[in-house]
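Notes follow the structure.
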Amino acid sequence: MSTVVLARKYRPRNFAQMVGQEHVVTALTHALTQDRLHHAYLFTGTRGIGKTTVSRILAKSLNCTGADGAGGVTAEPCGQCQACREIDADRYIDYIELDAASNRSIDEIRDLIERAAYKPGIGRFKVFMIDEAHQLTKDAFNALLKTLEEPPEYLKFVLATTDPEKMLPTVLSRCLQFNLRPMSPDTVRAHLAQVLAAEGVPHDEASLRLLGRAARGSMRDGLSLTDQAIAYGGGRLDEAVVRTMLGSVERGRARELVQALAARDGAAVLALVDALRQRGQSALGTLDELATLLQQAAVEQVAPGTLDAADPDSEEARAVAPLLAPDETQLLYSMALHGRAELALMPDEHAALAMVLLRFLAFPSDAAATREPRGVPLRAPAPPTSRASVAPIRPASAQTAPVAPPRAEVPAAAAASLAVAQQGQATPAAPAALGVHEPPAPPSSDGAPRALGDRWCALVQSLIERGSVTALVRELAWSSALIAIDEAVTPPVWRLAVEREALRQPLLAERLGAAITATGTEMKLELASGVPLDSPARRDAALRARRQAEAEAIIQADPVVRELLATFKGARIVPGSVKPA
């Protein structure tokens, strides 16, 4: 015995059964009830959202005679009369469907126009439905225009298309247009739950969420995927079965990728991509899940607490929201979306996935240097000894070791690596003329402000070395300044000056306070708007600038370097090429 697929078995038979298209149902219902009928309708929208279904229900409404045979035009077709039953069975002689994808020439349209000259055989109205109407040729459209504009009173046209932009403006102006919207994953999920309950198929909520998202707004696709999942799972649906069938990636895997990217850990990213390859999980599914996670994380960042608490996936989004700055979230989301098109350009889709993800690491935000303190000591540097060297320029993110004091002696290889550029006549110049600048003045070292700065910098360095703070919490600690401690209350209140509004968040303050309390210091944090004059980040920047200036001064004063500059006319030291060793 053959079975009917779910997409056909549960196709709506009347407007009341339509799901997710209330705006279209309401307009058509009012038009039918008030007898304000148009002669031509155009239904637009993506595949599988009900264009043909609405056309059939409209045809039934126009031709329904009621169960007793005495009914007229109605917004609630009975489903029992000859017209209703035969339209549902696709054999009603006065309802003609033409697929323009395969019948697009002027000859088919001329045949349709000839049939339009004859009155309905058994019905009240003759309804011509042209599906994928945008595929008609220009000549076919032009041949249809006159009849479409002034059809006989017994004739109604219904056009359906997934691409209204390809329709002639002269055709669009003659039709009453309705845009059917893609359905939300929740709408698809709720309808699938009703269908599975009617079918008696056991299932879990996680599998329905996966199918709802995989449908991409199309109820027909959702029902087709459900049919496939029932067959794949042997008559039942559960998350593991549906995820395997769809090739989708667990939300936890996407979270791990975000964590590795936020930490700028390229090795971890590559390891996770390789693990996906080993498990046979789709690269496309990975980007889809990553984009969904980032979209929810962005919502949590701008409107905390608005994610659906009943959705277990929301917890993952709340967990990753603090890991990235809002602009980084948007950047990674955009890369995940645009990266989908790149996967097919390489024979190895997982290699393409790795490149899409590693691209994010090539564009660090301005805050990345602040968030990655790289273990630089927060105390004043030791006086320079006697060696310095010229080193190639390296990106800030690549410096992972503490910066050693500069050294004064220039090896021959280092001296030979001085960049030579012919820019007119040049003679040995003084250090100031060769680009040596004084380092920025260090923060004030007088009184209580300096003592608070020392205490805060030492504490932050300790937290970072132990790994107690990460991501935005670490950035908050690194870029803020301790400006006051109120010990008149219990526990004492520590007030931090924080310049960036994105960091002045109660959740970040709570997490940083918890990390400090874990060291044995009882306190409560308060975040105040202000410029942090003595933050760990400012001390680090001053230290780096001072070491850089010392190294450049040593190079500029070195006799070998000065001799090279004198020998090669027009030679110069490339700014920034000197790095403390």
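Assorted remarks:
- Rounded FRET efficiency, nearest 0.05, which uses the C-beta distance separating residue 216 from residue 105 and R0 of 35 Å: 0.60
- Scanning residues 5 or more positions from residue 176 or on other chains, those with amide H under 5 Å from its amide H are 40, 41, 42, with H placed 1.01 Å from N in the peptide plane.
- Linear extension gain, residue 16 paired with residue 184, 0.36 nm per residue minus alpha-carbon span: 58.6 nm
- Across region 4-127, C-alpha contacts under 8 Å between residues 6 or more apart give a mean separation that, scaled by the residue count, equals a relative contact order of 21 percent.
- The fewest-to-most ranking of 147, 286, 44 by surrounding Cβ atoms within 10 Å reads 147, 44, 286.
- Under 5 Å between amide hydrogens, built in the peptide plane, is the criterion, and for residue 130 it picks out 98, 158, 159, 160 among residues at least 5 positions away or on other chains.
- Taking every C-alpha pair closer than 8 Å and separated by at least 6 residues, the mean separation divided by the residue count of region 251-361 gives a relative contact order of 36 percent.
- Calculated FRET efficiency for the pair residue 29/residue 462, C-beta based, R₀ 51 Å, to 0.05: 0.15
- Taken along the Cα-to-beta-carbon direction at a fixed 7 Å, the label points for residue 231 and residue 345 span 3.6 nm.
- Distance between modelled label sites at residue 487 and residue 560, nm, 7 Å Cα→Cβ extension: 5.4 nm
- Cut-off 11 Å (backbone N to label point 7 Å along Cα→Cβ of residue 118), residues of region 137-151: none
- Karplus-derived HN-Hα couplings along region 181-195 (A = 6.51, B = -1.76, C = 1.60, θ = phi - 60°), whole Hz, x at Gly and Pro: 8, x, 8, 5, x, 5, 5, 5, 4, 5, 5, 4, 4, 5, 5
- Neighbour counts of C-beta atoms inside 10 Å place 573, 49 in the sequence 573, 49, starting with the fewest.
- Partner aspartates and glutamates whose Cα lies under 17 Å from the Cα of residue 138, excluding those fewer than 8 positions away in the same chain, are identified as 99, 107, 108, 111, 149, 163, 165.
- A dipole drawn for region 185-246 from +1 and -1 charges on Cβ atoms has a positive end, and of 237, 203, 187 the residue lying farthest that way is 187.
- Extended-chain gain in nm, criterion 0.36 nm per residue less alpha-carbon gap, residue 311 and residue 138: 57.4 nm
- Out-of-range pairs (alpha-carbon distance over 30 Å; input 9/166; 9/156; 9/146): 9/166; 9/146
- Spin-label zone in region 303-340 - amide nitrogen under 20 Å from a point set 7 Å from the Cα of residue 197 along the C-beta vector: 310-312
- Residue order, fewest to most surrounding Cβ atoms within 10 angstrom, among 265, 131: 265, 131
- With both labels modelled 7 Å from their Cα along Cα-to-Cβ, the residue 504 to residue 517 distance reads 2.4 nm.
- Gain in span if fully extended, residue 330 to residue 244, counting 0.36 nm per residue against the direct Cα distance: 28.1 nm
- Relative contact order, whole percent, for region 185-246 stands at 38, derived from Cα pairs under 8 Å and 6 or more residues apart.
Each reported figure results from applying straightforward, stated rules to the coordinates on display, with no laboratory input. Because the structure is a prediction, the values reported are computed rather than measured. As a convention, Cβ positions derive from the backbone with ideal geometry for all residues, glycine included, and neighbour counts pool all protein chains shown.
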